[in-house]
Amino acid sequence: MRDAEKTVGNMIDKEKTIFVGSVDAEGFPNIKAMLQTRKREGIKHIYLSTNTSSMRVSQFLKNNRACLYVCNTRFFKGVMLRGTMEILTDSTSKEMIWQEGDTMYYPEGVTDPDYCVLKFTAFSGRYYSGFKSEDFTIE
């Protein structure tokens, strides 16, 4: 893969579902399908929205290790990013990724206490395409 940021960034932008991995209290991996990424800064920082009361948030508060997985099932390509997850509840972060229609999930709007931002910071990844995998680092 010549340009990880471009290749992986394009996959993240095109796919409607992103899989988020967390670690539970017993040390087991947990995976959850989530709606498309709200914002990204390259492939280093990726932002998602979720409920503050969710199981995933409580897991990340105890153990911030995380992974994201995006796949293109048509061409059988995928990428896993490894990193850490922060829970952001400040108004600037919440307003940054708020979208019209989010009141379906957060009825009180952008100030809903059950609305927060997940900020994923990647440090490495593994890309799969054409029957082979390739590891890469993220600066």
**Asked** more than 23 Å from Ile31 (Cβ to Cβ) and surrounded by 13 or more Cβ atoms within 10 Å (Cβ to Cβ) - does that describe any residue in the range 77-90?
**Response** no
**Request:** Having 3 or more residues that are among the aliphatic types (A, V, I, L, M) and either in contact with a strand residue (DSSP E or B) (Cβ under 7 Å, 6 or more places away or on another chain) or open to solvent by 50 Å² or more (accessible area, probe 1.4 Å) (or both) is the bar; report the strands (runs of 3 or more DSSP E) wholly within the range 1-76 that clear it.
**Result:** 17-23, 29-35, 65-72
**Asked** In the range 77-116, which residue that is touching a residue at least 60 places away in the same chain (Cβ under 8 Å) and part of a loop (DSSP other than H, G, I, E, B) is farthest from Lys62 (Cα to Cα)?
**Response** Gln99
**Prompt:** Going by the conditions given, is Gly125 among the small types (Gly, Ala, Ser) and under 26 Å from Ile138 (Cα atoms)?
**Reply:** yes
**Message:** Against the conditions (1) open to solvent by 60 Å² or more (accessible area, probe 1.4 Å); (2) farther than 22 Å from Ser22 by Cα; (3) not polar (S, T, N, Q), where does Val110 fall short? Just the number, please.
**Reply:** (1)
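The values are calculated or read from the model by the stated rules, or taken from the named source; none is laboratory data. Here the structure is a predicted model, which means the values were calculated and not measured. Every residue, glycine as well, gets a Cβ built from its backbone with ideal geometry; the counts of neighbours run over all protein chains shown. The protein model used for the area step is the full one, side chains on, heavy atoms only, and it has no ligands, DNA or RNA in it. Shrake-Rupley method; radii C 1.70, N 1.55, O 1.52, S 1.80 Å.
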